[in-house]
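In what follows, a structure is listed as structure tokens, so that the remarks can point back to it.
The values are calculated or read from the model by the stated rules, or taken from the named source; none is laboratory data. What you see is a predicted model; the values in this text were computed from it and never measured. All Cβ positions, even for glycine, are placed from backbone atoms using ideal geometry, and neighbour counts span all protein chains on display. We work out accessible area using only protein heavy atoms, side chains counted, and drop any ligands, DNA or RNA first. Shrake-Rupley method; radii C 1.70, N 1.55, O 1.52, S 1.80 Å.
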Amino acid sequence: MNARDLDQFESKPFGVILVEDEPATLDHLVRVIESSSRLKLLGVASTVQDAYSLLFMTSPKVALIDLGLPDSSGIEVIEWLSKNKPETECLVITAFGDEDHVVRSLEAGASGYLLKDYSNDELIEHILEVANGGSPISPLIARQLLFKIQHEKVMENHHLQAKADLDETRKACSITDRELTVIQQVARGFTAQEIAGQMGISTHTVATHVKRLYKKLHVHSRSEAVYEATMLGLLDL
């Protein structure tokens, strides 16, 4: 945020509400907000139900929301605001730094996520940042999200590579989609009649697929076919 943006906020303070149940933390947040001429505290709530009552009477620019509330999760408040007052920006301030809470909060509509390790000046600047369209996130949370994205990318690449390898193997063995389905069902222990019923074909057709698989895999029995298909990475059991 640049100096011009700050000047605009200084000329007209904007409304903030607090949703926090821990008395000491709530008192501290109230003092911090009231110390800034750019912020105007519209009210506080210590439960989800109190937050709903407060929001029916006010239209804050920013809602500071804790997640661990006595009657439910603060994520419910975020979801309600996203649907009913989308103009209100939600800034999570919590002790919960695990991936589940972070992802659920952001998916619910939170604009920022802070752990309770900030200084007073940092908190004010983060509130201003959210009000100005920013998305402040604690460094630890940012690293977790980055790791999650990187992990998902690695798993996606692994899946794509495995699929490519399977396609190459099938191509080399000339195994059709139907034949692949049959050998996978054989490996699961289904009988020819059960496979026929599942695939909507006759038992004779199933037997034909099995014979072709024996020839393509160079085997002479079901157990050998399953073993060879496993070695080739054809089975998804």
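Within the stretch 91-101, identify whether any single residue is touching a Lys or Arg at 6+ places or on another chain (Cβ under 9 Å), surrounded by fewer than 19 Cβ atoms within 10 Å (Cβ to Cβ) and over 24 Å from Ile124 (Cβ atoms), and answer yes or no. Yes, the stretch 91-101 has at least one match. The set of residues in the stretch 26-60 that are within 22 Å of Ser119 (Cβ to Cβ), open to solvent by 40 Å² or more (accessible area, probe 1.4 Å) and either among the small types (Gly, Ala, Ser) or not in a helix (DSSP H, G or I) (or both) comprises Ser35, Ser37, Lys40, Leu41, Val44. Consider the stretch 97-133 and keep the residues that are assigned to a loop (DSSP other than H, G, I, E, B) and in contact with a helix residue (DSSP H, G or I) (Cβ under 8 Å, 6 or more places away or on another chain). The one that is farthest from Ser73 (Cα to Cα) is Asn132.
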